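Below is one structure, written out as structure tokens; comments come after it.
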Amino acid sequence: MLVTAGGTREPIDPVRYLGNRSSGKMGFALAEVAAARGAEVVLVAAPTSLPTPPGVQRVDVVTAQEMYDAVLARIDAVDVVVKAAAVADFRPGTSAPSKLKKDAGVPVIELVRNPDILAELGARREEGQRKPVLVGFAAETDDVEAAGRDKLVRKRADLLVVNDVSEDDAGFEVDTNRAILLDREGGRVEVPLSSKAEVAGVVLDAVVARLRS
């Protein structure tokens, strides 16, 4: 199993970057629970202070492009990919080689799209192919379930975990989460407020069921 976790950082200059609030806790919980169940786990981690879970091989990256390269280099060797990382959709078109000084005025930063890792993995599978099992995550604030279902279809994932990150006790930077687990056949499992390890267990149960089928 390959798991991605954390929030990527897209450099503006050597000091500043575009980022997000992801702590990596959900992805690390998934990696830890999977390893405890006996899976061989590679964890591709964006910057975070979290310790590496026992028995997990960790690959550290910073940017979305680095995460893309790390995932694609390992995709042929895995049965499952869980994309729990919050990958930046955009990056500065150019990164200044030295620190931008405020006395020079407000900089104009042109953004360009980053590669979409989950969409790339979905597109690479031949029609009808079911391996690797693809699990995506969606952090939403409006029309949460509808947005999650749309992402599941567009990215050609097998499962998608969607949660409302506007709630204080779920989503970013906390140890708990509540989510809806959607599958490509139209099914849904609502996960009440739980620890992120418990949410990971629900997700992994669904993954195992797909592997067995």
If amide H atoms are modeled at 1.01 Å from N in the peptide plane, then the residues at a separation of 5 or more from ALA138, or on another chain, having amide H under 5 Å from its own are VAL161, VAL162, ASN163
Averaging 1/r across every pair of distinct alpha carbons in the stretch 88-213 and inverting yields a Kirkwood hydrodynamic radius, in angstrom, of 16.8
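So for each of 133-141, 148-156 I average, over its residues, the number of other beta carbons within 10 Å; can you give me the resulting order with the highest mean first?
Working: 133-141: 21.7, 148-156: 18.0.
Top to bottom by mean Cβ count within 10 Å: 133-141, 148-156.
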Site SER98, offset 7 angstrom along Cα→Cβ, radius 19 Å on amide nitrogen, limited to the stretch 1-22, gives 12-17
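Over the stretch 102-186, what is the percentage of antiparallel beta bridges among all DSSP beta bridges, to the nearest 5? Numbers along the way, then the final one.
Details: 4 of 10 bridges.
Restricted to the stretch 102-186, the bridges split so that about 40 percent are antiparallel.
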One finds, for GLU145 and VAL112 with R0 = 35 angstrom and r their Cβ-Cβ distance, a FRET efficiency to the nearest 0.05 of 0.70
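Sort LYS102, LYS196 so that the residue with the fewest other Cβ atoms within 10 Å of its own Cβ comes first and the one with the most comes last.
On the way: LYS102 8, LYS196 23.
Listed from fewest to most nearby Cβ atoms, that is LYS102, LYS196.
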Counting only backbone N atoms under 17 Å from a point 7 Å out along Cα-to-Cβ of GLU120, the residues of the stretch 132-166 in range are 132, 134-137, 155-157
Helix 64-74: inclination vs the chain longest Cα principal axis, degrees, rounded to 10, gives 40
Label model pair VAL15, LEU211: point-to-point distance (7 angstrom along the Cα→beta-carbon line) in nm is 4.8
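Within the set of other residues whose C-beta is less than 13 Å from the C-beta of ASN114, count the net charge using Lys and Arg as +1 and Asp and Glu as -1. List each step's numbers first, then the result.
Details: positive: ARG9, ARG91, ARG113; negative: GLU10, GLU66, ASP69, ASP89, ASP116, GLU120.
Summing Lys and Arg as +1 and Asp and Glu as -1 gives -3.
Do the alpha carbons of any pairs in LYS25/LYS101; LYS151/LYS196; LYS131/LYS151; LYS25/LYS102 sit beyond 24 Å of each other, and which pairs?
Details: LYS25/LYS101 34 Å; LYS151/LYS196 22 Å; LYS131/LYS151 19 Å; LYS25/LYS102 35 Å.
The answer is LYS25/LYS101; LYS25/LYS102.
Each value in this text was obtained by applying a stated rule to the coordinates, not by laboratory testing. For clarity, every value in this text was computed on a predicted model and none was experimentally measured. Every residue, glycine as well, gets a Cβ built from its backbone with ideal geometry; the counts of neighbours run over all protein chains shown.
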